[in-house]
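The block underneath contains the structure these notes are about, expressed in structure tokens.
The values are calculated or read from the model by the stated rules, or taken from the named source; none is laboratory data. Because the structure is predicted, anything quoted here is derived from the model rather than measured. Note that each Cβ is placed from the backbone with ideal geometry, even for glycine, and that neighbours are counted across all protein chains shown.
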Number of protein chains: 2
Amino acid sequence: MQKGAILVLSGPSGAGKSTIINAASDEIGEYYFSISTTTREPREGEQDGVDYFFVTKGAFSKDVLQGNFLEYAEVHGNYYGTSLKPIYDALDQGKLVIFDIDVQGHRLVRKKMNDITTSAFITPPSLQALEERLRARCTDDESVIVQRIENAKSEIKAVGEYDFTIINDTVEKAAKEFVIVAKAARLKQSREDEKKFIVEWLG
Amino acid sequence: MQKGAILVLSGPSGAGKSTIINAASDEIGEYYFSISTTTREPREGEQDGVDYFFVTKGAFSKDVLQGNFLEYAEVHGNYYGTSLKPIYDALDQGKLVIFDIDVQGHRLVRKKMNDITTSAFITPPSLQALEERLRARCTDDESVIVQRIENAKSEIKAVGEYDFTIINDTVEKAAKEFVIVAKAARLKQSREDEKKFIVEWLG
């Protein structure tokens, strides 16, 4: 039924995912970047409905109970979730839906929509580079930075579960690789047509 | 250890695999097209060491016993195999190795070299188109054509095991999709580097 395709991106906070997507956006065609719902406080400059949908823990729980999330997870004491409705709408319109979710979220998407899903793990070239980027951002407390680094060490063990790994040493190279990954993801758009095709073949 | 990557192509004889590769060859960079070893008789115009390595059943059996094949299979009463040595040589040189093998062969490559393997199933747009192409080729007896069509019906059931499906309705479109698939396959070249990278991260 769905005519679009899904591209899951994971990787540590500070890996440069947004920068890479922006650098590649002219070449990857129309896409819908899935906006997560979160219970965490907005950082300076973050806008509701642009960076995240910011909600209370109560509202989040209600959505969980009503089955409105494709996936949700707790990270550093806050909840993050992906609402199903905008995803289905974008897929129906034949768009490429890009997710920025964690390792657990990726596993869930694989379970539910494996046929039309492609995934890439995006990572800084080293732990040191990650630390520098997190500090340069100046948005996190020291304890949050330490937690993010520990989390990154744990997440990178799951890199083998992803179709592709993009090591972000230079934005140019990473964006070029990302364009290939996005185009490859789009090739899965026709999976429903393929099923019809096979039925026709087998008569 | 291997620095290259593998691209497996499967699909019915007559799907247009060679035509697509030729149409795309300027854009996919340097590659090694794996030449199969076979016990079948050469067709008119086929050259030993170019289209196939043509060998006797005795020589083929000897290679099987010595473990010299990555995979081998019996198709329509003839044997086809893929020798390991030229593959390893090409991978060591960092090349993309392209295989034209059947569904069974793909399963074996997946088992042995999954990390660096990408796969695509290439198929004509319909059973009728396949039949027309096989007849236009004028190289097969009627009984072989009938067998090839039955074989195609059986192989297409495995289409879901492949990373990509390319429906060859026009050579231009199929070649364009093939370029994306080949570029995606090349992104797996760095898997060994990635492993080193993860070890370094986890210190």
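Details
- Residue check, A:Leu9 over 11 Å from the mean Cα position of the chain (by Cα) and surrounded by 15 or more Cβ atoms within 10 Å (Cβ to Cβ): no
- A:Gly67 being more than 23 Å from B:Ala185 (Cβ to Cβ), surrounded by fewer than 16 Cβ atoms within 10 Å (Cβ to Cβ) and modelled with pLDDT of 90 or more: yes
- Meets criteria (surrounded by 20 or more Cβ atoms within 10 Å (Cβ to Cβ), among the aromatic types (Phe, Trp, Tyr) and more than 11 Å from every other protein chain (Cβ to nearest Cβ)) for A:Phe99: yes
- Residue selected from the range A:12-23 under the condition surrounded by 17 or more Cβ atoms within 10 Å (Cβ to Cβ), among the small types (Gly, Ala, Ser) and touching an Asp or Glu at 6+ places or on another chain (Cβ under 9 Å), by the criterion nearest to A:Ala136 (Cα to Cα): A:Gly14
- Annotation for the range B:174-192: at least one member residue is among the polar types (S, T, N, Q), out of contact with any Gly (no Cβ under 7 Å at 6 or more places or on another chain), assigned to a helix (DSSP H, G or I) and within 14 Å of chain A (Cβ to nearest Cβ).
- Residues considered: B:Glu177, B:Glu132. Of these, the only one that is buried (at least 21 other Cβ atoms within 10 Å of the Cβ) and among the acidic types (Asp, Glu) is B:Glu177.
- Residue pairs whose Cβ atoms lie under 7 Å apart, sitting 6 or more positions apart in sequence or on different chains, and linking a residue in the range B:145-162 that is among the aliphatic types (A, V, I, L, M) to a partner that is in a helix (DSSP H, G or I) and surrounded by fewer than 14 Cβ atoms within 10 Å (Cβ to Cβ), are B:Ile145/B:Arg135.
- Of residues in the range B:24-64 being free of Cβ contacts under 8 Å to residues at least 12 places away in the same chain and polar (S, T, N, Q), the one surrounded by the fewest Cβ atoms within 10 Å (Cβ to Cβ): B:Gln47
- Between A:Asp169, A:Asp163, the distinction of being among the acidic types (Asp, Glu) and more than 16 Å from the chain's Cα centre (by Cα) belongs to A:Asp169 only.
- If you filter the range A:148-172 down to residues that are away from chain B (no Cβ under 11 Å) and not acidic (Asp, Glu), you find that the one that is surrounded by the fewest Cβ atoms within 10 Å (Cβ to Cβ) is A:Thr170.
- Residue check for B:Asn78: over 28 Å from B:Lys188 (Cβ atoms) and away from every other protein chain (no Cβ under 12 Å): yes
- Filtering the range A:1-41 to residues that are in contact with a helix residue (DSSP H, G or I) (Cβ under 6 Å, 6 or more places away or on another chain) and among the aliphatic types (A, V, I, L, M) leaves A:Ala5, A:Ile6, A:Leu7, A:Val8, A:Leu9, A:Ile20, A:Ala23, A:Ala24, A:Ile28.
Yes/no per residue for (1) touching a residue at least 12 places away in the same chain (Cβ under 8 Å); (2) within 14 Å of another protein chain (Cβ to nearest Cβ); (3) closer than 22 Å to B:Pro12 by Cβ:
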{"site": "B:Ala73", "(1), (2), (3)": "yes, no, yes"}
{"site": "B:Thr82", "(1), (2), (3)": "yes, no, yes"}
{"site": "B:Pro86", "(1), (2), (3)": "yes, no, no"}
{"site": "B:Asp92", "(1), (2), (3)": "yes, no, no"}
{"site": "B:Lys95", "(1), (2), (3)": "yes, no, no"}
{"site": "B:Val103", "(1), (2), (3)": "yes, yes, yes"}
{"site": "B:Lys111", "(1), (2), (3)": "no, no, no"}
{"site": "B:Asn114", "(1), (2), (3)": "no, yes, no"}
{"site": "B:Pro124", "(1), (2), (3)": "yes, yes, yes"}
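- Taken over the range B:135-147, the criterion of being outside any loop (DSSP other than H, G, I, E, B) and either basic (Lys, Arg) or surrounded by fewer than 17 Cβ atoms within 10 Å (Cβ to Cβ) (or both) is satisfied by B:Arg135, B:Ala136, B:Arg137, B:Glu142, B:Ser143, B:Val144, B:Val146, B:Gln147.
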